[in-house]
Structures are given as structure tokens and as C-alpha cells.
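Have a look at the structure below, then the notes.
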Amino acid sequence: MNLDSQPGHIDQIKQTNAGVVYRLIDLYGPISRIELSKRAQLAPASITKIVREMLEAHLVQETEFQEPGSRGRPAIGLILDTVAWHYLAIRLHHGEMTMTLRDLSSRSLVEEILPLPEETQQPLLASLVNEVDAFFIRHQQKLERLTAIAITLPGLINAASGVVHRLPGYAVQDMPLGEVLAARTGLPVFIQHDISAWTLAESLFGASHGAQDVIQIVIDETVGAGVISGGQLLHKRGRALVEIGHTQIDPYGKQCYCGNHGCLETVASTGSLLALVTQRLASQLDSTLHQQPLTLESLCSAAIAGDRLACDAIASVGHHIGRMLAMMVNIFNPQQILIGSPLNQAAEVLFPAVSSTIHQQALPAYSAEINLATTEFREPGTLGAAALIKDALYSGYLLVKLLQG
């Protein structure tokens, strides 16, 4: 599991302060202790104590640097010491499993993509544990100080307990993945929904870096959202995914696999989009889509070229997504909205439809300055898992465990 019981008040303050100092060194290093004290708003004595513990644990190191405007002797600054600290980042996707060994700078050291069949001779949990064991054995010469395991995956997940309640495409029910892996390896295990982790990765490494309030929409085989509020992933200690895909937008619409009717996913997922275009092709013989196999790539290319059917279909998805986003804008008042989707290949068709609907239906005071942009990562891979580790260091939770040895 990735969370212990809540620490006491004093311990929580120490954890938070350590996380703040680590984050500032990461963002501004090399940074002097004096500047660190100012930015952290902590007393110099507190900074001295925290830094000493980090130096002794080899989590930070000292270096000489020239302060801006100074012509004297170089100052002594602090930078992170990340090279000898490793963790395993895992992404489970339908049909495959990606494992990446990274250091604390998030740099990838070695990566493997393995098949993850739906049916095996042993339960999925046992298969996953065996694959992790085998990965560590294959790369034991590269391993130094292992710190944690982070896993992202689709489905219904409780991040606090590390339980995977459902995993699309697999016979999974209430799988205690976090608990079992932690017991097997002795490492903290962090588990999160892949869309939520992608949202966090964009916040830490990508398109929304520095923004405090962000909505990220993912339009793919499923439709989901992640929300950054006040610089933090919303509900990150529980079920962080904002399940917009199963919000009903038409009570008389098509039945969704969740059992409801007219869910957003039934009209806005890439699968439903291709099904709709296939249906309409029979009555639109002038469409250029008749000249090639129908894929998301060919659909987007046709839309960019001005094909009426392709444009209308992608714009329809944009309007549906825009209506949902208008409600979310009224609730969260974000600085930025990110869209991650294969349909971004036709952003010049998709984005105006999304934007116009938001401006028509959201409060003008909230929507007037909205920045709509594509995600930096078209496919985050295990960067979502890397973001979980970075976030755990910044919060101080994982950092304190490393300081304690």
C-alpha cells in the first residue's frame, strides 16, 4: 500500500517541511541555505537541520556556484543527489506491461515492454509479482538503492489501499496489488489510475508545469479526466479519476457497458466515433474516407483536408466534450485545460468545437481567459508512474522513509 496511517501532528510538520525543502532544491538548485530559508519561509536553524539530514542520507550534495550579480568567491549551494537512488515505474495497459528503472531525477535507465495476456495459467496478481521479480534479477547489476515501486493502470482503483477493484480486459476483482508487492519487495508501492497519473506528469514535467488549477481531458478508447486543484491532484489518496466518461448526457442514448444509457463515452470515445463514421459513410458517398481504411489517423487527415463527414464527426465529439468541460469550468475555475487524445492530430477541428461550447455554456468570468492546449506527452508511458514518485518526494512522505533508511 502507498499510505500508512496519518502521522502525528509534529511528524506531519517535519514531513511537510522536508518535502518543501527537497522540492525547492529540485526546482532552484544550486540554491544557498539563505535563499532556501527565504523561499521555504523556515528559520535558518530548521533549514540547517533538514539539510544536514539530507546530506547524511546522500539525497542532496553541496556544490560551488556563482550567485547572480556577485563577483566574489563562489557560494556553496545545494543540488539533489539522484544518481544512486532507483525506483521501478510500471504501466499496465491492455495487452502489455511496461517496466522502467529510473533514478530520482526521473531519468530512464532501462525499459522493457512485455506482453500481458488476458488469460494465463496463473492469476494476474501472481504473474505481475513474478514479472517484477524477474526484472530485478535481470538488471541486478544496475540496481543501487531501490526506493519504491510506482504503478499506473486503467480501471477502478483505490490509491490509498493499493487495491485494484476492476481492470478492463482482465478477470480482476479487488486485487490487493499494492499490499502484495510491498510485502514481497519491502518497498513502498504507489498505485494510481493512468489518466490521473498522466495529469500529474503534465503538471510536474509537461504542458501544465507551474499551473495551480488544471483540468486534463483524455479522449481515447475511454474518456476520463484528472484535476489539479491548488497544485495538488484532486482526491489523489482515493479514486482520483474524475469519471466524466460515465456521466449521462442523453437518457435515451445508447446503452454503455457500465449499464447506464447515454454516457459521454458512448458518443465521445474514439471507438464510438469510428462506429458513427462507419454508419454515416453509407449515405455520404462523396467522402474521401471511402478511398482508404478507416482509422483515427485517416479520419484526422481527412478532417484537416476539409472532408465534411470527418469534420462533422470530430466537431461533434468536441461539442460533447465542451459541454462537460463547461460544467467543470464552473466548478473548478481552472487556469488551463489540457486535451490528450489521438484526435489532437486534427486539433484545428477539435479545439474550436470544444472552445466555442465552453464559452457558450460556462460562466464568462471563468471561461474568458481559459487556455486550451494539447498535452505535451502524446503517450506518457511510465512517466505517469515517475510523477507519482516525484509527488511523494515533494509531499515528504517518501522522503522521510528514505531519510529513516
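The values are calculated or read from the model by the stated rules, or taken from the named source; none is laboratory data. Quick caveat: nothing in here was measured; it's all calculated off a predicted structure. All Cβ positions, glycine included, derive from the backbone under ideal geometry; neighbour counts span all protein chains shown.
Things worth noting here:
- All strands (runs of 3 or more DSSP E) inside region 125-212 with 1 or more residues being of a type in the set (Lys, Arg) and touching a His at 6+ places or on another chain (Cβ under 6 Å): none
- Segments classed as helices (runs of 4 or more DSSP H), wholly inside region 303-396, with at least 3 members that are in contact (Cβ under 8 Å) with a residue 60 or more places away in the chain: 308-332, 383-395
The rows are residues; the columns are (1) surrounded by 14 or more Cβ atoms within 10 Å (Cβ to Cβ); (2) not in a helix (DSSP H, G or I).
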{"site": "ILE47", "(1), (2)": "yes, no"}
{"site": "SER70", "(1), (2)": "no, yes"}
{"site": "ARG73", "(1), (2)": "no, yes"}
{"site": "ILE79", "(1), (2)": "yes, yes"}
{"site": "THR82", "(1), (2)": "yes, yes"}
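- Entry remark, region 350-382: residues being at pLDDT 95 or above, of a type in the set (Val, Ile, Thr) and surrounded by fewer than 22 Cβ atoms within 10 Å (Cβ to Cβ) number 2 in total.
- Checking each residue in region 7-30 for being within 14 Å of LEU55 (Cβ to Cβ) and touching a helix residue (DSSP H, G or I) at 6+ places or on another chain (Cβ under 8 Å) picks out ALA18, VAL21, TYR22, ILE25.
- Among the candidates LEU200, LEU264, residue that is touching a residue at least 60 places away in the same chain (Cβ under 8 Å), more than 21 Å from the chain's Cα centre (by Cα) and crowded, with 24+ Cβ neighbours inside 10 Å: LEU264
- Test result for ARG145, surrounded by fewer than 20 Cβ atoms within 10 Å (Cβ to Cβ) and of a type in the set (Lys, Arg): yes
- All told, LEU294 meets the bar of being assigned to a loop (DSSP other than H, G, I, E, B) and assigned by TED's automatic domain parsing to the domain that holds VAL214.
- Qualifying residue in region 223-234 (condition: over 22 Å from LEU388 (Cβ atoms) and in the same structural domain as THR295 (by TED's automatic domain parsing)): yes
- Unmet criterion (only one of (1) more than 27 Å from GLN232 (Cα to Cα); (2) surrounded by 14 or more Cβ atoms within 10 Å (Cβ to Cβ)) for THR98: (1)
- The residues of region 234-255 that are part of a strand (DSSP E or B), surrounded by fewer than 23 Cβ atoms within 10 Å (Cβ to Cβ) and either touching a Lys or Arg at 6+ places or on another chain (Cβ under 6 Å) or in contact (Cβ under 8 Å) with a residue 12 or more places away in the chain (or both) amount to a single one, GLN248.
- The one condition from (1) closer than 30 Å to PRO168 by Cα; (2) at pLDDT 95 or above; (3) surrounded by fewer than 19 Cβ atoms within 10 Å (Cβ to Cβ) that LEU3 does not meet is (2).
- Condition check for SER269: within 30 Å of HIS209 (Cα to Cα) and either of a type in the set (Ser, Thr, Tyr) or not assigned by TED's automatic domain parsing to the domain that holds LEU350 (or both): yes
- Among the residues of region 9-30, none qualifies, meaning not one is under 24 Å from ILE191 (Cα atoms), part of a loop (DSSP other than H, G, I, E, B) and in contact (Cβ under 8 Å) with a residue 40 or more places away in the chain.
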